[in-house]
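So the structure is just underneath, and the comments pick up after that.
Computed from the coordinates by the stated procedures, all read-outs in this text should not be read as laboratory data. Remember, it's a predicted structure, so these values are computed and weren't measured experimentally. Here the Cβ positions follow ideal geometry from the backbone for every residue, glycine too, while neighbour counts run over all protein chains shown.
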Amino acid sequence: MTRNRTQRLGTGLSALIAASPPPITTLPLANISAGYNPRRYFDSRKHDELVASLRLRGMLQPILVRPTKDASDSYLIVAGGRRYRAALEAFGPEGEIPVVIREMTDQEALEAAIDENDVRDDASETEQADAAVRVLAACQDDRAEAARRLGWSKAKLDRRLALAHLSDTVKCALDERRIKVGHAELLAAVPADKQDKALDTILSSGLDVNKTRDLLMRVTQDLASAGFDKSECMTCPFNSAAQRALFETHIDDGHCTNAACFELKTQTADMIRFEEQERADKAARLAARSADDDADDYADDDEPDEVADEAMDVDQEMPGHAACSPEGSQVLASARSVTPGKSDSAPMTSKSTVTAQSIAGRATELREAMWRTAVARALAGNSAHAQNTILIAAMTGTLPQIKAETLKARSGLLVDAAFPGLDYCAKIRAIGELEEVQAATILSAIGAAYAKDVASFDHVADLARAFDIDLRAVWQVDKAFLERYTKDELRFIARECGLIAHMGEKAFAKRLGGKKTDLIAGMLGAIGFKWAGRLPSCMTLDGQYGPPPVHAGGDAVSAVPSQLAA
């Protein structure tokens with residue numbers, strides 16, 4: 001392997017020197033400074049041996065340096081850091097050592113230093129991890145180019161970048177071989193602020209890799225039993241499945257190693273379910289109060305033909321457009337009045353007047369509540385959209401509308417258990433030290449809180465449109481929704497959503513002639529008809545009926561697509 005590394009062209013010390021052998025000169029140690037060195041750990045025994053050798057024989061091989069940009073007689077070490085450190089101890093700062101001086105860019109010096117350490121004496125995993133981070137940054141996050149420059153496979157680069165997330169304490173423990181690589185791979189899946197405590201447990205209890213794995217398994221959360229949408233978790237670095245793809249030593253698939261994030265998502269999902277249940281209970285109570293008023297809408301002995309005539313008398317009752325809500329949304333009347341076998345001019349009557357506006361008016365509260373939930377869920381799952389929402393809220397002066405206790409009460413969970421008790425300066429430092437993933441989680445929580453608390457529903461609607469959020473992720477037509485309406489209004493909904501076209505005019509008219517409870521049961525239980533994905537106009541933002549999504553092949557989707565879930 002060493003021979004292959006040395007022969008690699010384009011990078012590394014050997015290739016640079018082979019290209020054009022430079023002259024060797026001497027420089028005082030006082031004129032030389034340490035440059036970037038991938039080495040994090042130096043063996044003290046080997047250092048002492050090298051000092052003794054230099055005192056006895058002098059430095060037999062020159063080190064590689066490059067001129068500094070700010071002084072003509074000052075140089076930075078590219079390769080030879082161990083010999084430089086030993087020479088300082090052996091000869092003092094006035095001593096002179098042989099050097100090779102070469103003009104090099106920062107990037108060339110970085111790659112040569114990394115290659116020199118790998119060829120001469122394999123660098124530790126954490127040293128390679130730090131080097132990988134620097135090279136990747138220089139390559140503007142192009143992993144393929146970084147792997148090429150390092151002479152590594154893409155898999156090795158990914159593994160070393162994962163180890164770069166280790167805390168400095170864990171890195172030091174690995175460099176000094178107080179823990180094994182397997183320990184480090186397991187700890188790389190744990191949030192950085194928890195790694196040091198886990199390391200203390202490993203060292204104090206003398207845990208081997210297998211016992212460490214068992215310990216972490218007991219404190220992780222099984223994603224299979226999670227009560228929230230897990231689409232965001234699929235690409236999260238704290239999902240143990242991601243570690244399995246990188247390391248030989250890993251926690252079983254499908255476990256979350258970020259307990260704080262898991263708990264936050266669980267509490268948010270529980271809160272949403274609680275709110276939805278409260279709304280459903282309230283709707284049921286309202287429906288029960290209106291049931292008595294609706295009981296005599298139709299007599300049980302109505303003739304089916306007479307009811308059918310009435311069921312199809314819609315267009316004359318309905319304006320083309322009407323206001324859907326106080327926010328100004330418009331509802332499009334979708335029903336059509338065509339009576340099979342009868343003249344269009346035949347007289348038609350109705351016992352009650354049903355308009356698009358009356359339908360929408362009964363759903364205003366539910367519509368707004370459900371859209372707030374949909375937007376909150378979507379922002380909770382997309383930190384980029386949440387950040388944009390927070391910026392918009394701040395620039396429009398609506399950010400203070402988030403209830404103070406909404407986030408303050410959760411700060412200990414979002415940041416750290418000790419966070420609520422810190423003084424203001426300490427809180428500034430704590431926020432500044434957040435890991436990127438944790439900071440994204442907090443942004444998502446703030447964005448979701450804004451969707452719930454902002455006073456104007458127009459703002460919620462605008463966010464839903466801007467981020468292409470679909471209400472079908474959190475709601476569909478159900479019994480509680482239908483029970484709030486009269487028979488005439490249920491007929492309007494059935495026609496708009498395509499149920500009458502599916503059942504046929506006569507069959508629906510017979511249902512309409514019975515009791516309201518039986519009508520609703522028949523609407524929800526119609527054979528071959530799926531309510532999933534159908535949005536009545538009174539529940540949409542633009543006031544127009546939303547048909548179910550369509551597959552690429554043209555078939556309607558019978559259930560809400562998983563990608564719509566926030």
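Structure data summary
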item: Extension reserve of the residue 478-residue 395 stretch, reckoned as 0.36 nm per residue once the Cα distance is removed; result: 26.0 nm
item: Residue 177 versus residue 200: modelled label distance in nm, points set 7 Å from Cα along the beta carbon direction; result: 2.7 nm
item: Spin-label model distance (nm) - residue 74 vs residue 277, 7 Å beyond Cα toward Cβ; result: 6.9 nm
item: Ranked 425, 233, 261, criterion: other C-beta atoms within 10 Å, fewest first; result: 425, 233, 261
item: GluC sites (Glu not before Pro) restricted to the stretch 389-470 and DSSP loop, no more than 13 other C-beta within 10 Å; result: 433
item: Computed label-point distance, nm, for sites residue 269 and residue 107 using a 7 Å Cα→Cβ extension; result: 4.5 nm
item: Anchor residue 510: lysines whose Cα lies under 20 Å away (excluding residues fewer than 8 positions away in-chain); result: 342, 351, 479, 487
item: Subset of 197/452; 408/452; 230/427; 171/408; 403/427; 230/452 violating a 27 Å alpha-carbon distance limit; result: 197/452; 230/427; 171/408
item: 47, 385 arranged by Cβ crowding within 10 Å, fewest neighbours leading; result: 47, 385
item: Cβ-based exposure ranking for 428, 272, 97, in which fewest neighbours within 10 Å come first; result: 428, 272, 97
item: The stretch 365-473: relative contact order as a whole-number percent, Cα under 8 Å and 6+ apart; result: 50 percent
